[in-house]
Amino acid sequence: MGEPSHLPKHVAIIMDGNGRWAKKRYLPREAGHYAGMGAVRETVRAACDLGLENLTLFAFSSENWKRPKTEVGALMGLFRAYFRSDMDELVERKVRMRIIGHRGRVAPDIQTMIEDSEKRTAHNRGMNLTFAFDYGGQEEIAAAAQELARAAKDGRLDPETITPELFAQRLFTSALPAPDLVIRTSGEHRLSNFLLWQSAYAELLFVDTLWPDFDRAALTGALEQFAARERRFGALDSEAVA
Ligand code: FPP
């Protein structure tokens, strides 16, 4: 498979299907998540090699706390393991890490790990790798609205000056371009509260692959599908205008 001709600026992925991958193999769900960590590693490597500028991965949603304690514990353990085992490689690849989400609800050692990884990679100019962790899109939008309302109430902000651009600056993703490709694996056709504001104009791609089976070829295939789609942002296409 060749390299895709026209790369998106920002790919965001809803990694779904770990549980079903494990069930098909008569394994516990945790084994699916462990295999999912391998797919994270391979996808990050492939994205770096392809020269992708921004990759955002949905690692843990604010709704995932409702899962059984053992599964939540296993996911937290994997997050720790991934940071411990892969940080050196990410630094070497000049990846800049960001974690978007609530933060205050995760264990203190994970908070420290997150802060350290962001600090350690802050000057890197390679791919921006962002993990959405304890993240919910509606929560993010509500928090931005609260902040703007507070500023307006204190007289620091004229409500008439609130534009989509200003609003976007209050979101976790203010440093990143909007995703132009959102991929969801495992055949489900939902956004599940992921980057709701940011995905307004994104191409959505739903693939049947279960996340643990997602790999370099799957990413390349998704990027080729993106390159084949024409994006018009509500305008007419160039042929119609001519
Ligand atoms: C969905 O599968 C996936 C998740 C809940 C989280 C994604 C987690 C990983 C890829 C594991 C490791 C991550 C990192 C960053 C090290 P599911 O359990 O909802 O699958 P199902 O719908 O088939 O049950």
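Taking segment 107-129 as the range and being surrounded by fewer than 13 Cβ atoms within 10 Å (Cβ to Cβ) and not in a loop (DSSP other than H, G, I, E, B) as the test, the residues that pass are Pro108, Asp109, Thr112, Glu115, Lys119. Which of the residues belonging to segment 49-73 are over 12 Å from Met127 (Cβ atoms), more than 9 Å from the ligand (Cβ to nearest atom) and surrounded by 19 or more Cβ atoms within 10 Å (Cβ to Cβ)? Ser62 - this is the single residue of segment 49-73 that is over 12 Å from Met127 (Cβ atoms), more than 9 Å from the ligand (Cβ to nearest atom) and surrounded by 19 or more Cβ atoms within 10 Å (Cβ to Cβ).
Candidates are the residues of segment 133-183 that are loosely packed, with under 15 Cβ neighbours inside 10 Å and among the hydroxyl-bearing types (Ser, Thr, Tyr); the one that is nearest to Leu57 (Cα to Cα) is Ser174. Restricting attention to segment 90-106, the residues that are without any contact (Cβ under 8 Å) to a residue 40 or more places away in the chain and part of a strand (DSSP E or B) total 3. Under the condition of being more than 16 Å from the ligand (Cβ to nearest atom) and touching an Asp or Glu at 6+ places or on another chain (Cβ under 6 Å), which residue from segment 173-215 is farthest from Arg25 (Cα to Cα)? Per the criteria, the residue is Ala202.
Taken over segment 28-48, the criterion of being among the aliphatic types (A, V, I, L, M) and within 12 Å of the ligand (Cβ to nearest atom) is satisfied by Ala31, Ala35, Met37, Ala39, Val40, Val44. Screening Ser85, Ser61 for residues that are without any contact (Cβ under 8 Å) to a residue 12 or more places away in the chain and among the polar types (S, T, N, Q) leaves exactly one candidate, Ser85.
In this structure, is Met87 assigned to a helix (DSSP H, G or I), farther than 16 Å from Ala132 by Cβ and at pLDDT 95 or above? Yes: the conditions hold for Met87. Being farther than 20 Å from Phe172 by Cβ, crowded, with 18+ Cβ neighbours inside 10 Å and either at pLDDT 95 or above or more than 16 Å from the chain's Cα centre (by Cα) (or both) is the requirement here; does Arg96 meet it? In short, no.
The values are calculated or read from the model by the stated rules, or taken from the named source; none is laboratory data. These figures come from a predicted structure and were not determined experimentally. Reconstructed Cβ throughout: ideal geometry from the backbone, glycine too, with neighbour counts over all protein chains shown.
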